[in-house]
1. About the Cα centre of the chain, how large is the charge dipole given +1 on each Lys and Arg Cβ and -1 on each Asp and Glu Cβ? Please answer in debye to the nearest 20.
2. Points 7 angstrom from Cα along the Cβ direction at Thr315 and Arg361: gap in nanometres?
3. Hey, got the dipole for region 203-256? About the Cα centre, +1 on K and R Cβ, -1 on D and E Cβ, debye to the nearest 20?
4. Evaluate the distance, in nm, between pseudo-label points positioned 7 Å from the Cα of Arg378 and of Tyr284 along their respective Cα→Cβ axes.
5. Based solely on its DSSP helices, what 222 nm [θ] is calculated for the chain when runs of n ≥ 4 H residues each add -39,500 (n - 2.57) and the sum is averaged over all residues, nearest 500 deg cm²/dmol?
6. Can you tell me the FRET efficiency between Arg110 and Ser370 if r is taken as the Cβ-Cβ distance and R0 is 45 Å, rounded to the nearest 0.05?
7. Would you please give the FRET efficiency between Lys139 and Ala417, computed as 1/(1 + (r/R0)^6) with r the Cβ-Cβ distance and R0 = 22 Å, to the nearest 0.05?
8. Please report the antiparallel percentage of DSSP beta bridges with both residues in region 135-270, rounded to the nearest 5.
Amino acid sequence: MSSVIDSNLVEEHNVSADHDANFDALATRLSRDGHDVDALLNRAEAFGVAVPSWGVGTGGTRFARFPGAGEPRHVFDKLNDCGVIQQLTRATPTVSLHIPWDDEDPTALREQADALGLGFDAMNSNTFQDQPDQAHSYKHGSLSHVDGATRDQAIEHNLHCIDVGKAIGSKALTVWVGDGSNFPGQTDMGAQFDRYLDAMRSIYNALPDDWQLFSEHKIYEPAFYSTVVQDWGTNYLIATELGPKASCLVDLGHHAPTVNIEMIVSRLIRFGKLGGFHFNDSKYGDDDLDSGSVDPYRLFLVFNELIEAERRVDTFAPAYMLDQSHNVTDPIESLMSSAIEVQRACLQALLVDREALQGYRDDNDALMASETLKAAFRTDVGPLLAEARKRTGGAIDPVGTFRASGYRDQVAAERPAVSGAGGGIV
Ligand SMILES: [Mn+2]
């Protein structure tokens, strides 16, 4: 396995008396509170969230895209950038590809990923934009289009994604469609959903036995009046109609601002249909901001549900992926920061005193129940995460080490600025 950043540089930056003192103090405190520090370290070291290949480029907004220096030119550059993120954080062992943006020779993809110590997470299909050579336009929909030939084309594309995924070791397909309508009366919403379900059944039937199919709901956009897969209820219906290999993917930004996402997570867990996440943060809509940048407590509350669930069900293992769009930051830095924020929420949720919490619930002591969660959330587990990175060859300070490495300047010299690289808000 080759390191992208000089490992000597990482080691030099990991020599920190401050870190050692901070970790010792935290470990002492956690032990005193009855926590198993080694178990928490093991958990931090084993934590993984997938990086979306499109995240390492500048995404832009629906208004404009301002290219950044040294943006990846193609999927192989993207894999190198993902290699940097994994090398420094040790929290992102897999990459999630997007077809057709990353449609390259599977053998070459796998070889480069192997060399970087990376695996592949869920495949993502794209029937929300037209490709130059395609016969039928998705302007008026894809899997739910009124025209059968257009639906067939969208189905074929998803089957191709499965084929590429099989060749590179992926085990899941994520389907998000922009299908819907922009005017009342434009579409028969019932018949449109029927067409969508029929198309999804064709995709589901082509899944290998050991694959999962994730459907991703989104409240609106690009369809602004109605969306075929609008909410978690619709998503649950889809996953239930399709069968046991189908489950729901929750993108945190795909809900109205006031929606209680952790309750949705709880519901889907309860009925065995939580497939996984696209982690990001938002203030207004599908903002695709960095995970934990606006509301880290909500991220913690989501993980509080996940940790409760894994205590009940041994095999509980939803898929974790980031899904962000970077406009004003270096994408590598943002993805490293987000991966650590998601990992942080997981570790904080592990600190919740669940026995005490249950007691307060049984006593209807709302204040102390809330305080029990807050006590875990307020615990700064940063030194523990840094120690886990240090022990596994990562960086105590990933952003600082990345900046010191000169990687961005180096790739900026090799990669000319691109204006149309695949990216977007999905
Ligand atoms: Mn998403």
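Readers should treat all values here as calculations from the given coordinates under stated rules, not as data from a laboratory. Here the structure is a predicted model, which is why all the values come from computation and not from measurement. Backbone-built Cβ (ideal geometry, glycine too); neighbour counts: all protein chains shown.
1. Working: 35 positive and 63 negative charges, 83 e Å.
Roughly 400 debye for the chain.
2. 2.4
3. Numbers: 2 positive and 7 negative charges, 15 e Å.
So the dipole magnitude of region 203-256 works out to roughly 80 debye.
4. Between Arg378 and Tyr284, the label points sit 3.4 nm apart.
5. On the way: 16 runs with 202 residues, N = 426.
Roughly -15000 deg cm²/dmol at 222 nm, from the helical runs in the chain.
6. Numbers: r = 48 Å, r/R0 = 1.06.
The computed FRET efficiency comes out at 0.40.
7. Numbers: r = 30 Å, r/R0 = 1.35.
The formula returns an efficiency of 0.15 here.
8. On the way: 2 of 10 bridges.
Of the beta bridges lying entirely in region 135-270, close to 20 percent run antiparallel.
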